[in-house]
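The values are calculated or read from the model by the stated rules, or taken from the named source; none is laboratory data. As the structure is a computational prediction, the values presented were derived from the model and not from experiment. We place every Cβ from the backbone using ideal geometry, glycine too, and count neighbours over all the protein chains shown.
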Amino acid sequence: MKKTIAGGGARVAVLYTSVAAALEDVREELRESMDLALNAASVAGALVSGGFDAHPVAFGTDPAALCLALRGFDAVFNLSEGPLDCPQKEPHGAALLELLRLPYTGNGPAALSLCNDKPLAKSLIAGAGIATPRHRLYPSAPRGRCGLRFPVIVKPAREDGSSGITEASVVETEAAMRRQVGHVVDRFRQEALVEEFIGGREFNVAVIGNGTAADPHRALPPGELAYDDPRFRVCSYESKWDPEHPSYDAIRSVVPAKIPAPLRRRLQSSALACAGLFGLRGYSRVDFRLDADGAPNVLEINPNPDISPDAGMARAARGDGLSYPALIAEIVRLGVALGAR
């Protein structure tokens, strides 16, 4: 497997799940831009430029056929986020690669499961003494008071990509909170996570490394989501995916963030603490907001963040001296260093 680290023709499958079929509520013209096939092509191109023999491979609907398709590859760059059109099955993709004894990039089933269960992740973060907004979990609309400080934000407990988050998710009263909880439970068929809304500046920190002696975690320069229009307070589904929505251009990604060194160190230190707590491998991202005292609070951990050339992680890597092909090659090296898990 040494040839995989340096390229030299090593075969790498760039495994992705095509999400277009699962986007039932998304306009047709948005589906292509949201499809992970585009990311897979970018990653494969970066690997080819570095001397790898890389090929995008769709996860498909037949795991047995996928096992056959992966024969002959030295490693897998794992971009599968929704095997069998189900985001909750993201850990299953990594588990399949482990059963096949194939080295793969990114996080394993345990970390993917923990991080994508937002209430559980928040409980672990708080239990470790890392600042995070107080929260409650509701399987149905509550009758009594939630005991949290308003405003609060209501979101699905186990979704990603800001699915289920709009400006209406931030509510100011108990009555509005109950209505929004009912909407989330009915729409997404899962519990609603209610947490105190923190309205300060929003940052994210990408982390690379395996958390081992040979490859310790390293925090990249923080990025900031800058809210230019006071009408918008959250990074919603529309602001991420819909170019025609007014919030799409009203929230800017500034990488690296223009912040004082002490705040940069606090953000990076907290991100590294989260990486250690969850045993993160390869690459990940931790999202923050500053509270009224200017202290970073962890919103969530993304164990499989956007790795496209213009995304925040790639831009943070460039700010740290890593070109996009170098970042992709480093992620492969980290996966191979862990071997067949």
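Among the residues here, Ser269 does not qualify as crowded, with 23+ Cβ neighbours inside 10 Å, modelled with pLDDT of 95 or more and not hydrophobic (A, V, I, L, M, F, W, C).
Mind counting the residues in the stretch 215-262 that are modelled with pLDDT of 95 or more and more than 30 Å from Leu334 (Cβ to Cβ)? Of the residues in that region, 1 qualify.
Among the residues of the stretch 296-315 satisfying the criterion of being within 13 Å of Ala271 (Cβ to Cβ) and β-branched (Val, Ile, Thr), which is farthest from the chain's Cα centre (by Cα)? Restricting to residues being within 13 Å of Ala271 (Cβ to Cβ) and β-branched (Val, Ile, Thr), the top hit is Val298.
Is one or more of the residues making up the stretch 304-321 assigned to a strand (DSSP E or B), of a type in the set (Val, Ile, Thr) and in contact (Cβ under 8 Å) with a residue 40 or more places away in the chain?
no
Considering Glu224, Glu238, Glu195, the condition of being more than 16 Å from the chain's Cα centre (by Cα) and part of a strand (DSSP E or B) is satisfied by Glu195 alone. Hey, among Asp215, Asp228, which residue is free of Cβ contacts under 8 Å to residues at least 40 places away in the same chain, surrounded by fewer than 18 Cβ atoms within 10 Å (Cβ to Cβ) and within 23 Å of Leu267 (Cβ to Cβ)? Selected residue: Asp228, the only one of Asp215, Asp228 that is free of Cβ contacts under 8 Å to residues at least 40 places away in the same chain, surrounded by fewer than 18 Cβ atoms within 10 Å (Cβ to Cβ) and within 23 Å of Leu267 (Cβ to Cβ). Note on the stretch 76-116: residues that are among the acidic types (Asp, Glu) and modelled with pLDDT of 95 or more total 1.
On the stretch given as the stretch 161-190, residues that are within 21 Å of Pro305 (Cβ to Cβ) and surrounded by fewer than 20 Cβ atoms within 10 Å (Cβ to Cβ) total 3. Counting the residues of the stretch 96-123 that are farther than 21 Å from Ile208 by Cα, hydrophobic (A, V, I, L, M, F, W, C) and either crowded, with 18+ Cβ neighbours inside 10 Å or outside the structural domain of Ile307 (by TED's automatic domain parsing) (or both) gives 3.
Quick one: is Phe73 closer than 28 Å to Ser163 by Cβ and at pLDDT 95 or above? So Phe73 does not fit the description; no.
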